[in-house]
Amino acid sequence: MESSRGADVLILGGCGHVGLPLGLAFADSGLAVTLCDLNQAAVDKVNAGVMPHAEPGATEVLGRTLESGRLLATTDPSSIRSAEHVVIVIGTPVDEHLNPDPQAVVSAIEAIADHLVDGQILILRSTVFPGVTRMVERLVERLGKDVDVAFCPERIAEGKAMEELYSLPQIVAARTPRAIARSSELFKSLTKTIVTVEPEEAELAKLFTNSYRYIKFAAANQLYMMANDYGVDYERIRMAVIEDYPRAADLPGPGFAAGPCLLKDTMQLAAFNNNNFALGQASMQINEGLPLYMVSKMAARYDLDTMTVGILGMAFKGESDDNRSSLSYKLKRVLKVRAADVLTSDPYVETDANLVPLDVVVDQADLLVIGAPHKLYATLDVRQPVVDIWNIRGNGVVL
Ligand SMILES: NC(=O)c1ccc[n+]([C@@H]2O[C@H](COP(=O)([O-])OP(=O)(O)OC[C@H]3O[C@@H](n4cnc5c(N)ncnc54)[C@H](O)[C@@H]3O)[C@@H](O)[C@H]2O)c1
């Protein structure tokens, strides 16, 4: 779709999981927003008032901001010219060797360089390898453009975007007072707390945020395996530990620490530190090993090679349709080797042609495993045993 109108904010990657909620929030705050994205199908959906992925609370904001004329999605990069703020939120995945690509954001900006005009501010919001903000500043200098550069990382959790964009403090980083003032002003339209640091500090702050969370999940998963191997219920221990004991209140339950960010950002940090990140790498070993541990325990208890196993929930977390980097798929792969058959189901995921309806899985499986803790599985009335390390069914997590 062509876009000729001026915008307060243009978001490159604007129809993605992070870009779209952000664009909706800006438009709902009264700003004119253009969402520029390579994904034509997502652009068409957005312009038709349909969310390309689930995000609670977003559909109604999409409807009212489209109706107000303050939101428009396009694949046309020339729309960048007429925007004051250009926000970059393209994906920054690691490759098959778990290496980040520090050039990804820089190359995307190089590709739109002809459309950048003097007076704009370029706000990096993708999670970047440390040093990328500096690389972008150098690129802008090389291009001879009078364009400010800032790095303002996104820290929302998918599924909570439409709350957290307003409630979380916004980290703002830039080299010049003008860039700090402009990006702070923009984000003040969403949140009252702005935290200002240097670009290198902000880059590490974002990676530390996700790595720390990943390490916490690994700690819980290892303690779970330890308790489970000893034949006791980790959940009962966890409840005893946290009751009226604030110092341990954040001890998580066991579960798959997966999705497009936590492992990826821990690996970015490892690569940044010359592969010297023992805690992060140990966390990967534990979190990525959990599906294998589960299958080994299931094999010890059940005659798996004669059984059909059903996995309930293929998204990477509960109530989500996002199956990117979901450990339910690793569980499926491992089970395929050990079990007679594996069936998978998820009421939200739309991007997997191999899924079967829930009633088929419940009818045909001899054993069920909760892959993603969608609420509907908590009270599902079934005849076969259910492996539920998330404890959503409240029966403990002994496996
Ligand atoms: N998903 C999360 O919960 C989350 C949270 C915080 C930060 N982040 C970070 O935000 C960034 C984006 O993540 P995401 O989950 O939204 O990814 P995503 O894949 O859902 O969205 C990225 C979007 O960018 C588009 N795109 C890619 N290259 C483009 C280009 N050159 N021009 C225009 N559009 C382009 C894609 O079509 C896609 O729609 C990543 O760096 C990620 O680490 C993600």
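For every residue, the table says whether it meets (1) under 17 Å from Ser328 (Cβ atoms); (2) part of a loop (DSSP other than H, G, I, E, B); (3) not aliphatic (A, V, I, L, M).
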| residue | (1), (2), (3) |
| --- | --- |
| Leu355 | yes, yes, no |
| Val369 | yes, no, no |
| Pro373 | yes, yes, yes |
| Leu376 | yes, no, no |
| Asp381 | no, yes, yes |
| Gly394 | no, yes, yes |
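Do the conditions hold for Leu124, that is, is it closer than 21 Å to Arg5 by Cβ, at pLDDT 95 or above and either within 11 Å of the ligand (Cβ to nearest atom) or crowded, with 23+ Cβ neighbours inside 10 Å (or both)?
Numbers: closer than 21 Å to Arg5 by Cβ: no; at pLDDT 95 or above: yes; either within 11 Å of the ligand (Cβ to nearest atom) or crowded, with 23+ Cβ neighbours inside 10 Å (or both): yes.
So Leu124 does not fit the description; no.
Only residues in the stretch 4-23 that are of a type in the set (D, E, K, R) and at pLDDT 95 or above count as the first member; pair them with residues that are within 9 Å of the ligand (Cβ to nearest atom) and assigned to a strand (DSSP E or B), Cβ under 8 angstrom, at least 6 apart or cross-chain, and list the lot.
none
Out of (1) under 20 Å from Cys261 (Cα atoms); (2) buried (at least 21 other Cβ atoms within 10 Å of the Cβ), the odd one out for His53 is which?
(2)
Would you mention how many residues in the stretch 324-355 are over 20 Å from the mean Cα position of the chain (by Cα) and polar (S, T, N, Q)?
3
Residues being assigned to a helix (DSSP H, G or I) and surrounded by fewer than 18 Cβ atoms within 10 Å (Cβ to Cβ): count how many of those fall in the stretch 109-121. Walk me through it before giving the result.
Taking the stretch 109-121 as the starting set, the residues that turn out to be assigned to a helix (DSSP H, G or I) are 109-111, 113-115.
So of that shortlist, the ones also surrounded by fewer than 18 Cβ atoms within 10 Å (Cβ to Cβ) come out as 110-111, 113-114.
Adding up the residues that qualify gives 4.
Can you find a residue that is at pLDDT 95 or above, within 19 Å of the chain's Cα centre (by Cα) and either closer than 30 Å to Ala258 by Cα or acidic (Asp, Glu) (or both) anywhere in the stretch 64-82?
Checked the stretch 64-82: no residue is at pLDDT 95 or above, within 19 Å of the chain's Cα centre (by Cα) and either closer than 30 Å to Ala258 by Cα or acidic (Asp, Glu) (or both).
May I ask you to list pairs of residues, at least six apart or on different chains, whose Cβ atoms are under 8 Å apart, with the first in the stretch 114-128 being farther than 16 Å from Asp101 by Cα and the second being within 14 Å of the ligand (Cβ to nearest atom) and assigned to a loop (DSSP other than H, G, I, E, B)?
Leu122/Leu116; Ile123/Cys152
The values are calculated or read from the model by the stated rules, or taken from the named source; none is laboratory data. Owing to the predicted nature of the structure, the values given are computational and were not obtained by experimental measurement. Note: ideal-geometry Cβ built from the backbone for every residue, glycine included; neighbour counts use all protein chains shown.
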